[in-house]
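To start, the structure itself, in structure tokens.
The values are calculated or read from the model by the stated rules, or taken from the named source; none is laboratory data. Since this is a predicted model, take the numbers as computed values, not measurements. Virtual Cβ from ideal backbone geometry, glycine too; neighbours counted across all protein chains shown.
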Amino acid sequence: MQRGPSEHITSLLVRWRGGEKAALDALMPLVYDELRRLAHIYLRRERGDHTLQSTALVHEAYARLVGQNLPEWQNRAHFFAVAAQIMRQILVDYARSRRADKRGGSACKLPLEDADGDAKVANVDIVALDDALESLARIDPQQSQVVELRFFGGLSIEETSEVLKISPSTVKRDWNTARVWLYRELDRTGTT
Amino acid sequence: MTPERWQQIRGVYERIVALAPEDRSSQLDQVALNDAELRQEVESLLSYERRAQDSFLDTPVANVISGTMPRSDVSVRTGRRLGVYELIERIGYGGMGEVYRAARIDGQYQQEVAIKLVRSGYDTTLLLERFRHERQILATLDHPNIARLLDGGTTEDGIPYLVMELIDGVPIDRYCLEQKLSIVERLKLFRQVCAAVHYAHQHLVVHRDLKPSNILVTANGVPKLLDFGIAKILDPSTQVAPTLLNALTPEYASPEQLRGESITTSADVYSLGVVLYRLLTGHSPYRVNTTSPADLARAITEIEPERPSSAVLRKIAEVSDPTPKEIDVLSGRWARELRGDLDTIVLKALRKEPQYRYSSVEQLSEDIRRHLENLPVKARRGSTTYRLGKFLLRHRIGVAATALVVIAITGGVVTTVREARIADRNAKEAEKRFNEVRKLANSLIFEVHDSIKDLPGANKSRKVILERAVEYLDSLAQESANEPDLVRELATAYERIGALQGDPMDPNLGEIKAAKGNFIKSIELREALARANPHNSKDQIELAVAYLDYSDFQTGVLGNPAAGLDYCNKAVALLDREAVADPNNARVFVQSTRAYTSLGVIQIGNGAGGSTGNVVAGVAALKKALELDHRAIKMSPSNMEVAGQEFVIYILLGDAMLKLGEPVAAEEYYRHSMEGMNALSDRETNIRTAGNLVVLDGKMGDVFLREDKISDAVSWYRKAHDGAGRLIARDPADQPLEHLVITSSGQLGHALMENGQMDAGLEYMHKAFDAAAKSPSQTPLEKIFQGILFTWFGEAAEKRGRLSDAVQEYRKSQAMLASAREDGANDLRTQIYYTSATDRLAAALLKLGKLQEASTQYNASRDLLEPLRKSNPGEQELLYAVAETYAGQGDVSMQLAKLASKRLDKILHLNDAVEWFQKSSTIWSKIKNPSRISSSTMEVRLPAEVSRQLTHCKTQLAAFPTN
């Protein structure tokens, strides 16, 4: 059976979970490079009329890098923990550059709607969210991390709990409070 | 808000929010009885609760983006038709494909087949390419023990598929157990597998994923090899680079696969060794808990497997109750049969270093045959091969090539045309791997790194990437000592990494130490090259350039101009020689210009660099640089950088004049430079020239500040500040420009303050400070700038009569400058900044009546300055500092005299004061064109003031009759 990058990434994830720090170092550029490359292609292509059209960017990156045959779901969680950080970085970077393009104009929202036009779900100003998350991290790093993993990484409560080594009920509580805090923060800066 | 406070608030909030809405208010009343802020915060959060819980952030970005993509796990294709086949059931799936049992439905044959196809949702171009590739490989393999490829095609939606022989069998390890095969039977079965793999190798196919589940044995006892899917034909034109993205199945993967190294036929030898181990002992060669792949990976790369015979004996001891199937294997007789040849054969196949394994599957199989026929096995003789292999390894890059050369030399193998071809391919492969790593390192440094460089928060990734690149380079460097072109390339790469890690203008990686190491590696390589190729002018020049880069780094980043000067002198010596040897080489003159310019800069102590304190020598070097530049311009008149250099040198000469106390001459050089640059920027819009013009506006500000024409200084600084702002708007990511904006903002603020526009001045200075303090790198130079700003803040506070605030600022300045000095910036200029801050602090303390501490501070300042004066005679900047320190000590003595109750004490202190002021006056007399603001931009008292104080002391002293 043909095997691709996924196995390599998987073995790195396994080694990382096994406590080998060097594996993360090896992992980061791989994941980063792939996401970066794909993001580049998609963003470049979509630049003209849409913002970040909802095609396969993340999906494809995940699929290419991890496939769907990870041996254990914990590995998936750890991969997503890395990917979450990177996704955040890429999206924020993208949103910032859009904002810079329209310097002087209004803040740029990144409509992450899917093809059905269901824009409501994630119609968030990514840059403002990023800033708010950073402010949150200053008073409560764990809550900020929970949001990063859940929102940017798409991790479930259980997966988040596994990654952060805290109980699922703590994750749930952090997640609820953090969202309220962030919503308020975004509201105060006029970006909701 | 502090984290602790937030924890308190969230605790209360979470308790309250869990209550029914009608109960909340009263509960909150209780909890936050005496804490209005707490109550307000919690209420505020509560008011957002409903809106936030609604759907805010509920759908992860990833799902939103990929929401419309088909999910592969729901892609069940059972019942669908592909060509003449209908999919009956899914019998397997893996990383990229699914396998279905399918039947032919056109009635031609009654045949069931296996169909392998790409999963939906994964069909990227690359994947298709690999898939088609696999189809081609399989088509070339026709062997009774290899699952046959029957057909191939593409589905209506463009997904390629393979139709293969459907093998009805069980994995080989299970087969052996179930059939209770003897050792001899197992070995014979295994040899059939070897034959199939050897056949594939002859067809340039490496399986790479041999494991029992890929080796099925049919009911007739025929082994069939499946899944040549990850095999890559050893042909450069079609091989998909597997460098980073290697496939593997941990338990059967070879150490080199786990390490991501190059994979050759030797990897299959290893995997077959693992299979054989399992067939002979019933378990894995590695005694680890196989549910932990991390341990397994470590074992495979690190632990020597136990001898099969010992493994069986150990197992007998451990297992008290063997299953009926195990019972044969777990016997002393079985273990005895393994001991000796079979132990040796299996372990040889499992060697960690590919070159010590059997050099081909055929050799492995052959040794098993010899064992079966009671002939001596080759594995037990191996020491010649071993030594030879080792020797060759030292001299050759690719292990595969070594192994094959070893076979050829040691004989025992009939080299067929085909095998020669494999050997050839493998040698090429090894070479190719080497070049891949080389390319990879280069691409990491030059492409990947640059593409992410400007991303916010990319520093961590950048660091990883650069470190990785260095690792690759280091390994290449070890293997390539005799290839000058490669060494040159490596040196360039190290230089580049050093420059990235140590660029003072870059969003710094904080990798100063690593940068230093890489610069030195580059220099060592270049020195070796220059020594080995004394007549290669390029190698000499490149070495000089490496020296100059490192000199810049020492001076500009580490703040160590003495070391910078050493390397600069080395470069100068080399280039002077080359200029004689090769007088028509424009590059020599371009680099010589640079070298002499640096020489001047370091000695004058201009700009970022600090000083070694010989301005006059510096001026001479600059004049030489100017002369060389004129030659270079003649040789390459269209080179804008060479043309521009002339005007840069004028700026530096202006700086030197300012240091020598000649503001008028300085102004002349600056204006000269300005005219030239303006003409230049008419010819070409170049952001550097535009930047230099802005720098010049600032320099003009310096001139007028020194001449105490403050309002003129303000206009020039403002011009510089606005110009820098305009430029950075054009290119917000430009780090040097950002530096310029920050510096000019600070200077404008300072001048405004001196001009009495206190509020505006403070605003600009604070802006500059905030920007500088935010920089993540905090290089010594950035610290020095902040230290200066603190001194200015102190001066501002003093001007507002807030003495104790001023004391605070001066202390901060001292601490910041001390920290810069600790970080290695211990040049003359930094020390002068430090003593100036100290003097300011002492003066303020004196005004506050803290006589003792003031005296201590002045003494400390003097202790630092006097030795410096000895080693830097005539240094104007230093003279200002010394004059001020002496005068300050005079102030202290005056104050002591005032406070002394005894007449004699008064006289003694007054005498001291006279002496100090006298000394200060003497120093002042050596200063040309004394200025109220020293060239280190600190306010000092002018000589007239010192004279006045001197006279005053003398008058007081005269009031006491002597004796």
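Tabulated data for the structure shown
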| quantity | calculated |
| --- | --- |
| Residue match in the stretch B:551-570 (condition: of a type in the set (D, E, K, R) and either modelled with pLDDT under 90 or part of a loop (DSSP other than H, G, I, E, B) (or both)) | yes |
| Those helices (runs of 4 or more DSSP H) lying entirely in the stretch B:1-118 with at least 3 residues buried (at least 16 other Cβ atoms within 10 Å of the Cβ), touching a helix residue (DSSP H, G or I) at 6+ places or on another chain (Cβ under 7 Å) and modelled with pLDDT under 80 | B:61-66 |
| Residues located in the stretch B:515-529, provided they are surrounded by 18 or more Cβ atoms within 10 Å (Cβ to Cβ) and either touching a residue at least 40 places away in the same chain (Cβ under 8 Å) or basic (Lys, Arg) (or both) | B:515, B:516, B:518, B:521, B:525, B:526, B:529 |
| Filter result for residue B:197 (more than 17 Å from residue B:372 (Cβ to Cβ), outside any helix (DSSP H, G or I) and at pLDDT below 95) | no |
| Those helices (runs of 4 or more DSSP H) lying entirely in the stretch A:136-192 with at least 1 residues within 9 Å of chain B (Cβ to nearest Cβ) | A:141-147, A:168-188 |
| Selection from the stretch B:11-53 of residues that are within 11 Å of another protein chain (Cβ to nearest Cβ), without any contact (Cβ under 8 Å) to a residue 24 or more places away in the chain and under 14 Å from residue A:184 (Cβ atoms) | B:44, B:47, B:48, B:50, B:51, B:52, B:53 |
| Residue in the stretch B:319-329 that is at pLDDT 70 or above, under 41 Å from the mean Cα position of the chain (by Cα) and either assigned to a helix (DSSP H, G or I) or not charged (D, E, K, R) (or both) present | no |
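Yes/no matrix, rows are residues, columns are (1) over 15 Å from residue B:693 (Cα atoms); (2) in contact (Cβ under 8 Å) with a residue 60 or more places away in the chain; (3) assigned to a helix (DSSP H, G or I):
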residue	(1), (2), (3)
B:626	yes, no, yes
B:629	yes, no, yes
B:637	yes, no, no
B:651	no, no, yes
B:658	yes, yes, yes
B:661	yes, yes, no
B:671	no, no, yes
B:678	no, no, yes
